[in-house]
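The values are calculated or read from the model by the stated rules, or taken from the named source; none is laboratory data. What you see is a predicted model, and the numbers here were worked out from it, not measured in a lab. Cβ coordinates were reconstructed from backbone atoms using ideal geometry, including for glycine residues, and neighbour counts include every protein chain displayed. Each accessible area value is taken on the protein alone, full model and side chains, heavy atoms only, with ligands, DNA and RNA left out. Shrake-Rupley method; radii C 1.70, N 1.55, O 1.52, S 1.80 Å.
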Amino acid sequence: MADTAQAAPVLPKKTWMALILLGFAGQLAWGVENQYFNTFLYDNIAPDPRAISWMVAASALMSTATTLLMGTFSDRFRSRWGKRKPFILFGYLIWAFFTAIFPTAAYLQPVSLAIGMAILFDCVMTFFGSTANDAALNAYVADVTTERNRGRVVGVMQILTWVAILIVYGVSGLIIDAWGYFTFFYLIGGLVFVLGLVGGLLVQEEPDPSPPPRSYWGQLADTFRLDSLRTHKALFLLLTAMMLYTIAEQIFFPYIIIYLNHFLKLPTLEASLIIFIAILVGGIALAYPFGLLADRIGRKKLAVGAILLKMAGLLAFSLVRDFAWLALTGILWLAAMCAWMVSTGAWTKDLYPEDKRGQFAGYFILFTVAFAMIPGPLIGGWLASRFGIPTVLNGQPGYIPTPLLFQVAGLATLTALIPMGLIKTSKQ
């Protein structure tokens, strides 16, 4: 790790404002996609967890391919013209549009066609979101920060993640109960559009004077050569740990609101309030302190502690039924999620090669989305259908997920300790 005793570089105010607006808007859109696309599909199209797992898997593949290919393209675009801004600005605007129109898939009949259209909308939305946020914005954060200030910047970005999720969970129940899903999606899409427009226009960049030494496909292929893998061994071990952690997380996370609504019989507003409280304390209040801690004690120590806390929090969450205990145990596993995301988010950016940050943001998505968000929800969907409670909702047969999802996920989280233990230092 760099010497944290040195003064950390200060970001310009416009850069901070761009990061805040874009980070918030992006996480607002992803928060809706990660949770309320799923609940809308379950409540309004088909109450079958397998349909959710298909949609999550399809969007995961799209996200991975997009971030890898468009991340590499944004590296080359920046090398030639000094800009990632077009990818961010136009990507956010189209991303917002497809977020808003997602619920129109429910108008289609038969149900199989509606499911297919929902998956298609999710994939198109994911293409533009991954281009703008996962590829271009993540690379831009690495461009404008150094190892001395990256932990705290990622900490602030993580606060925005939790604020966005807090709004999604805290306000969503009120909006959905009062005006329905369509108004909810229209409002979120409109807000993302406005914030993306203003934030994208504020992006400032310094030109990169070095042109790319290889062709587009040559740059992609170079990373998979054995000598390149050896050079970046620490990074790929870290990505493997993140993959295992995310597989475990995706076993339960897509189904959490469904679990609270249908297994515990909590109304949408009360279920949202549990997540609201957990995010407020476990996410927003602790994100920046975790960022400072990551800079002070190192990324690895914080990440290992997050794994152990996540396991304990999920097991406890699965055993309680009372509102207060659900909120308290929710704080535990959400605090662990926050610590993990801050520590590994800063750590990966430390290890990205400077001339391939957009491309390596693609590998980040490859490991944490394609390799993780396909098997994770499929495992969760299988557990929910194999060991869940049969039900009929709106005339459609389905299954209600049980506490088993959280218990399996908690134990599976521990597998991330294996590759983590093989990383000798926090940076090589």
Completion exercise
Residues whose built amide H sits under 5 Å from the amide H of T391, excluding neighbours closer than 5 in sequence, are G398, Y399, I400
Handout entry: the chain - percent relative contact order, Cα under 8 Å, separation 6 or more
Key = 30
Practice task
Using the 2.2 N^0.38 Å rule of thumb for compact globular proteins, work out how segment 294-383 stacks up: its C-alpha Rg over that value, please.
Solution key: 1.31
Completion exercise
With the charge dipole of the chain built from beta-carbon charges (+1 for Lys and Arg, -1 for Asp and Glu) about the Cα centre, the Cα from G298, T183, N38 projecting farthest to the positive end belongs to G298
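Taking trypsin sites (Lys or Arg not before Pro) as exposed when DSSP calls them loop (any state but H, G, I, E, B) and at most 15 other Cβ atoms lie within 10 Å, what is the longest stretch of the chain free of them, the sites themselves excluded?
Working: sites that count: R214, R225, K265, R321, K424, K427.
Of all site-free stretches, the longest is 1-213.
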Problem - Convex hull volume per residue in cubic angstrom - Cα atoms of the chain - result: 127
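Assign unit charges at the C-beta atoms only (+1 for Lys and Arg, -1 for Asp and Glu), then state the dipole size of segment 47-152 relative to its Cα centre in Debye, rounded to the nearest 20. Can you show the working numbers first?
On the way: 10 positive and 6 negative charges, 114 e Å.
The dipole of segment 47-152 has a size of about 540 debye.
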Completion exercise
GNM of the chain, Cα pairs under 10 angstrom: of I418, I20, I279, the biggest fluctuation goes to I418
Practice task
Using +1 at the Cβ of each Lys and Arg and -1 at the Cβ of each Asp and Glu in the chain, identify which of W347, L201, I94 lies farthest towards the dipole's positive end.
Solution key: W347
Exercise for the section: For M420, M62, give the ranking by accessible area with the largest first, probe 1.4 Å. Expected result: M62, M420
Completion exercise
In a Gaussian network model of the chain with springs linking alpha carbons closer than 10 Å, the residue among P353, P289, P401 that fluctuates most is P353
Problem - Residue-wise HN-Hα coupling along segment 249-262, computed from phi with Karplus coefficients 6.51, -1.76, 1.60 (Hz; x: Gly, Pro) - result: 5, 6, 5, 10, 5, x, 10, 5, 5, 4, 4, 5, 6, 9
Problem - Signed unit charges on C-beta, dipole axis of segment 233-338, positive-most listed residue Q250, T240, T329 - result: T240
Handout entry: Set of lysines near K310 by C-alpha distance (under 18 Å), chain-local residues within fewer than 8 positions excluded
Key = K300, K301
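Rounded, prolate or oblate for segment 116-156? Axes are the square roots of the Cα gyration tensor eigenvalues, ordered a ≥ b ≥ c, and the cut-off for rounded is a/c under 1.5. Show your work: numbers first, answer last.
Values: a/c = 6.69, a/b = 3.22, b/c = 2.08.
Judged from the Cα gyration tensor, segment 116-156 comes out prolate (a/c at least 1.5, a/b above b/c).
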Exercise for the section: Could you tell me the accessible area of F364 in Å² (1.4 Å probe, neighbours in place), rounded to the nearest ten? Expected result: 50
Fill in the blank from the handout: Comparing D48, D134, D322 in a Gaussian network model of the chain (Cα, 10 Å), the one with the largest mean-square fluctuation is D322
Handout entry: Size of charge dipole - the chain - debye, nearest 20, with Cβ of Lys, Arg +1 and Asp, Glu -1, no other charges
Key = 940
Problem - Interchain or long-range residues, amide H under 5 Å from L266's placed H - result: N261
Fill in the blank from the handout: Expressed in angstrom, Rg and Dmax over the Cα atoms of segment 81-120 are 15.0, 49
